[in-house]
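The structure appears below as structure tokens.
The values are calculated or read from the model by the stated rules, or taken from the named source; none is laboratory data. Keep in mind that what you see is a predicted model, and the values were worked out from it rather than measured. All Cβ positions, even for glycine, are placed from backbone atoms using ideal geometry, and neighbour counts span all protein chains on display. To get the accessible areas, we keep the full protein, side chains included, count just its heavy atoms, and leave off ligands, DNA and RNA. Shrake-Rupley method; radii C 1.70, N 1.55, O 1.52, S 1.80 Å.
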Amino acid sequence: MQDILTNYGCHIRVRLGLHDADRDQCTNSGIILLQMCADQKVIAEFEQALNRVPHVKTKYMTLN
């Protein structure tokens, strides 16, 4: 996951990670919010790369 984010780092304007954790327990699940600055072709390639990672699901929205 980190390698993919690094490979597309020049196209990521904002990255915010929210992690499921509390005082007694830590999990490997969470959410990463990204603001992309790339054309649709690059974003589609990035999404495909992320979706090949086990347990990763991608969703996106466009704000105008």
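Worth a mention:
- Scope the range 8-30; condition outside any helix (DSSP H, G or I) and among the hydrophobic types (A, V, I, L, M, F, W, C); matching residues: ILE12, VAL14, LEU16, LEU18, ALA21, CYS26
- Any hit, the range 52-64, residues being outside any loop (DSSP other than H, G, I, E, B) and not basic (Lys, Arg): no
To keep it simple, each residue is scored yes or no on (1) out of contact with any His (no Cβ under 6 Å at 6 or more places or on another chain); (2) modelled with pLDDT under 95; (3) open to solvent by less than 50 Å² (accessible area, probe 1.4 Å).
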residue	(1), (2), (3)
LEU16	yes, no, no
ASN28	yes, yes, no
VAL42	no, no, yes
PHE46	yes, no, yes
ASN51	yes, no, no
HIS55	yes, yes, no
TYR60	yes, yes, no
LEU63	yes, yes, no
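- For the range 16-29, the condition of being under 17 Å from GLN2 (Cβ atoms), among the β-branched types (Val, Ile, Thr) and out of contact with any Phe, Trp or Tyr (no Cβ under 8 Å at 6 or more places or on another chain) holds for none of the residues.
- Filter result for LEU33 (in a strand (DSSP E or B), surrounded by fewer than 10 Cβ atoms within 10 Å (Cβ to Cβ) and not acidic (Asp, Glu)): yes
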